[in-house]
Structures are given as C-alpha cells and as structure tokens.
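No value in this document is a laboratory result; all are computed from the given coordinates. Given the structure is predicted, the values throughout are model-derived calculations rather than measurements. Reconstructed Cβ throughout: ideal geometry from the backbone, glycine too, with neighbour counts over all protein chains shown.
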Amino acid sequence: MKKMVFCKMCRPLLVFCATSCWRRSARLPLPFFFSPLNLQVAPFTSWNLQARYFSTTAGGGREGTNSSEDDYVFDPTLSVQKDAAIHVAKKSLDAIVRDLLPENAPDAATQKVRAYLQQHPMDTLITQPTVHITHVEDPESGRETKMSLSPCDLSEALEQAQEREMNLVQMGTRGDVAYCRIRREIPRILGLVGPELEALREEEKQEGSSHRGGSDQAGGKIRELVDHSFRDVVDAHFVGWKSKKIVEDIKKRHPVKITIKEFQSPEAAIGKIREMCQAMQRYAEEKLIYHHFTSIVANDREVSVSFVPSLPSEKGNSWKHIKYPGEKEWAHANKRMEEACRKSGRYGTYVKNNMLKPRSLGQTFFRVDKYGRKID
C-alpha cells in the first residue's frame, strides 16, 4: 500500500528497492521525502537497497511447541446441561409461586411474584454454575454486610445459605458467574404483594360472615393426593421446613402421603418418618389445622404414613381433632418392616459408604478440616 504524507516544504518521491531473497525477489515501493534545500546541498544518488526476508514457522511460534495445547475443545454436553438447568428452573418457579401465594390469589399478585423471581432468581432457580457471594444478611439486625469472598460452586453457595436458614438470591450475572446475596427473601416477596393479599383476606372475611351457618359447614371437597418422598438421612433443617409444607397441603384439603423409599435400615426409616410426623404435629397444633392419619405401610420396599384433612360437619365439633400414630402403631410398623426385610434377605434399599473423602469448600465463615467438616 502506498502511503504519502504531504507537507509544505516536502514533496513525496517513491523509491523502489530490489530485494534479494532465497524464496523470491520483490520490488517494494518505499516513500522518500525530499525538500528543495536538500537538493541544493547534495544531489540525489541512487540507492541499491538489499532486504532479507525472514520467515517463521507455520504455527507462528517457536519451533518445538505443540499448538494443539491451546486449541479450543468443544464440549457438546454444555448446551444440554444448560437447557436442563433452565427446564428445571422453570418447573421450580411454578412450584415456588404456588407455595408462596394462596390458590385463589389474584393474577396481578402472581404475575408480580413471577416477574420478581425471574429478575432475581433464588436457590434452585439459579442456573449459573459459579456463584460469587457479595453480601450476607445479619440475622439479628437485618442489615446486609458486604463480603470479599472468592467465587465458588453453586452447591457450596446453597449449603452456606441453608446453614444460615436463608435464601441465595441472584442479583446479576457476568458470563457463567452469578453475583448473589444471602438473605431472607420470602418476606421481601410477600411484601411486594401485601396489598393484594390483604384485599383477598378482606374478601374472604366478608364472604365467611355472609355465609356463616350451614353453608360454612357444608365444607369443600377432598382434592387430589400429594405424595412427599424423602430419604432417611435428611437433616433437621429439611424436617423443619418440609413438615410445614406438608401441613399446609393438608390445610388446602389435600390428602398427603409421606414416604421413605431409600433407607439403610428399618430403624433409620421408622425413626426419620416418626421425626417428620412429630414436627408436623407440633406445627398443626400451633396453627389449628385439623387432620388425622389413616394408615401406616411398612415393608422391605418403603415405609409411608397417610393423612387426610378433617372436613367440617354440621352435627358438632367432633371433626376438630389432630390424630397421629402412637407408640403401639410405631412398634407394630417397625416389627413388620424388620420381618419383611428379613424375608427378602436385605436390610435396606442402599448401603452408605462411610469412607470420608477430601473436600474443598473454598472460603467459608468457619474453620473446616480437609474433609469439609466444621471445626468447633
């Protein structure tokens, strides 16, 4: 490319230099500038320029280097994993909206909650593989403190949020990194739709007062059965929030069934499902949600307890009771389960490997050993 620069005192002159190269010869035009003063002082003499062509390797780097080390490797499973995470998040979004709002909530409140969760996903709605926690809420004061932590995996961030009994809320993304905060998000979401829910409660009170009497006792109908399954190794935090969720389903007149299909031993299965029933009973007695158990199934495959809500009756208040299995029922269930496991030749549906594996939790708010266990 010929490039010429113009000035007042100089005129451009093109000089062709002959290159002698072992590959090929070429004539390269070079711009040469002269002024009238230069021509008066010294006459222009022809130059015989020689240039040498320096070649490099085909890869453009040093010889002996392997260019395949820096090659991009396409992973076809990344897009599939991303699509699967988004599909699960969409299902979780519908479930969270159903749990937060009553069934007869207005469409405006539902759309408002859905839009907020799409803008700020929380917990299982987060699809980014890496999480950077920027703020953590103080459980006493409610203030959010800025933290300087390194990014970690999504599972580790969810564990830290569950240990504080809070939610992991996404505030923004950059690439595969989600910038999140650990805080109580449920009160914030319910505060967005507070006026709508308050208006709904007022309408229900007015309808209840106008139809008080026989129509209120006529009650509603039993809805479809809801099955809640879990393992025999769930912790106390899971039992706490899951028991409330089960009792809330009973309040909506859903028959429920709590099931443990994966257990290590009959004692572990009976003990864990009994712990869940005790938590349900405490919450039901606190909220006055009347229901009773109907059956206990205990065999070598599963152990389950079924509950049905108590419907109002015009004859009296005999339907207002909360009944759970007693010591006799639990003892018979444990005996039946042990006998079924003995006949089938197995003690449980799976065997837990107690060998500890080294784990790296990254930066945490507490000391851990090389196996990821908290050091007191």
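With each label modelled as a point 7 angstrom along the Cα→C-beta vector, the residue 107-residue 252 pair spans 2.0 nm.
Which order results if 332, 321, 254 are arranged by neighbouring Cβ count within 10 Å, fewest first? Don't skip to the end; give the middle numbers.
On the way: 332 13, 321 10, 254 17.
So the residues, fewest neighbours to most, are 321, 332, 254.
Give the percent of DSSP beta bridges with both residues in region 223-344 that are antiparallel, rounded to the nearest 5. Intermediate results must be reported in sequence, preceding the final value.
On the way: 12 of 18 bridges.
Just about 65 percent of them are antiparallel.
The gain in end-to-end length when the residue 165 to residue 370 segment is fully stretched comes to 71.4 nm, 0.36 nm per residue minus the alpha carbon separation. Structural descriptor for region 245-376: relative contact order 27 percent, calculated from alpha carbon pairs under 8 angstrom and at least 6 residues apart. Taking Lys and Arg as +1 and Asp and Glu as -1, the other residues whose beta-carbon sits under 15 Å from that of residue 364 total 0.
Note down the Stokes-Einstein diffusion coefficient of region 223-344 in µm²/s, whole number, using a Kirkwood radius over alpha carbon pairs, 25 °C, and 0.890 mPa s.
The estimated diffusion coefficient comes to 166 µm²/s.
Close amide H pairs (under 5 Å, H built 1.01 Å from N) link residue 178 with 130, 131, 132, residues at least 5 positions away or on another chain. Scattering from region 79-189 was approximated by placing one identical point on each alpha carbon and applying the Debye formula without solvent; log10 I(q)/I(0) at 0.12, 0.22 1/Å stands at -0.43, -1.26. Here the simple spin-label model places points 7 Å from the Cα toward Cβ, and for residue 340 and residue 138 these points are separated by 5.3 nm. Within a straight-line Cα-Cα reach of under 14 Å, residue 287 can be paired with the following aspartates and glutamates, leaving aside sequence neighbours fewer than 8 residues apart in one chain: 248, 249.
Residues of region 260-283 with an amide N closer than 19 Å to a point placed 7 Å from the Cα of residue 351 along the Cα-to-Cβ direction: 262-269. Within a 10 angstrom radius of the beta carbon, how do 166, 171, 355, 280 rank from fewest other beta carbons to most? Neighbour counts put them in this order, fewest first: 355, 171, 166, 280. Cβ crowding within 10 Å, taken as a proxy for footprinting-reagent exposure, orders 174, 183 from fewest neighbours to most as 174, 183.
For region 284-290, the Karplus equation 6.51 cos²θ - 1.76 cosθ + 1.60, evaluated at θ = phi - 60°, returns couplings of 5, 5, 6, 9, 6, 9, 7 Hz by residue, with Gly and Pro reported as x. Only beta bridges with both residues in region 79-189 are counted; by DSSP, about 70 percent of them are antiparallel.
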